[in-house]
Amino acid sequence: MGVIYTRSLKKQAEHGGFAQDDTNVMLLLSNPSLKPRTVTSFVETSQIAPTVLKILGLDPNDLDAVRKEGTAVLHGLHFGE
């Protein structure tokens, strides 16, 4: 069990909740083919795996879930294509 340091009443156990600091998560991607930039658009955690595959030069559609759910790579990234 964890300890939560917050005044928010929106927490759900130790797994967080829907407070501002729970729903905004930073993700840092580093690859020589990516230009430095900050993307602030809404994304979902399900987009991380297909994005990593795309950056590595692999086909995200090789993942069953990506094909079945139509999951897109993260918006705003350009892969030198």
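The values are calculated or read from the model by the stated rules, or taken from the named source; none is laboratory data. Just so it is clear, the model here is predicted, and its values are computed rather than measured. FYI the Cβ positions are ideal-geometry reconstructions off the backbone, even for glycines, and counts take in every protein chain you see. Side chains are part of the model used for accessible areas, which takes the heavy atoms of the whole protein and leaves out ligands, DNA and RNA. Shrake-Rupley method; radii C 1.70, N 1.55, O 1.52, S 1.80 Å.
How far apart, in nanometres, would the label points at residue 58 and residue 35 be if each is projected 7 angstrom from Cα along the Cα-to-Cβ direction?
Modelled inter-label distance: 2.7 nm.
Hey, with R₀ at 30 Å, roughly what FRET efficiency would residue 67 and residue 42 work out to, going by the Cβ-Cβ distance, to 0.05?
The formula returns an efficiency of 0.85 here.
By per-residue mean of other Cβ atoms within 10 Å, what is the highest-first order of 51-64, 24-37?
Peptide ranking by packing, descending: 51-64, 24-37.
Would you tell me the accessible area of residue 71, worked out with a 1.4 angstrom probe on the heavy atoms of the protein chains, in Å² to the nearest 10?
Surface accessible to solvent at residue 71 totals approximately 30 Å².
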